[in-house]
Amino acid sequence: MAVGSLEEALKNLVDGVTGKGKKYDAKTGTMSTHFRSGLSRLGISVGPVTGAAYDKGISGKGAKLERNAIAGARAKWIDNLKAGLSI
């Protein structure tokens, strides 16, 4: 659907991001499994220290990632879009 203004496009962007933090958190188990299996296919075994660090790095981060994405979009998305279009 077409939008009538950049502000409307920004609202749609923020609306699309809202709620994604919970979805991210729900997938961390799968992300951890894919991390390990992807490296395994390359012949790399993930040790306990690396595995724990990766799991800690992705665990419970959904709300923070969502907040940062929304704040960043509100702060600079329109300016960045205009700058990109003027090149």
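Bear in mind that the values in this text are calculations on the coordinates, not laboratory data. Bear in mind that the values here come from a model prediction, so they are computed numbers and not experimental data. Here the Cβ is made from the backbone with ideal geometry for all residues, glycine too, and neighbour counts use every protein chain on show.
Scan the stretch 54-87 for residues that are closer than 23 Å to residue 4 by Cα and basic (Lys, Arg) and report the count.
3
Exactly one condition in (1) in contact with a helix residue (DSSP H, G or I) (Cβ under 8 Å, 6 or more places away or on another chain); (2) over 23 Å from residue 5 (Cα atoms) is false for residue 44; which is it?
Unmet condition: (1).
Can you name every one of the helices (runs of 4 or more DSSP H) wholly within the stretch 1-58 that holds 1 or more residues which are of a type in the set (Ser, Thr, Tyr), under 16 Å from the mean Cα position of the chain (by Cα) and loosely packed, with under 10 Cβ neighbours inside 10 Å? Spell out the reasoning first.
On the way: elements: 6-17, 20-26, 28-41, 48-58.
Ranges flagged: 28-41.
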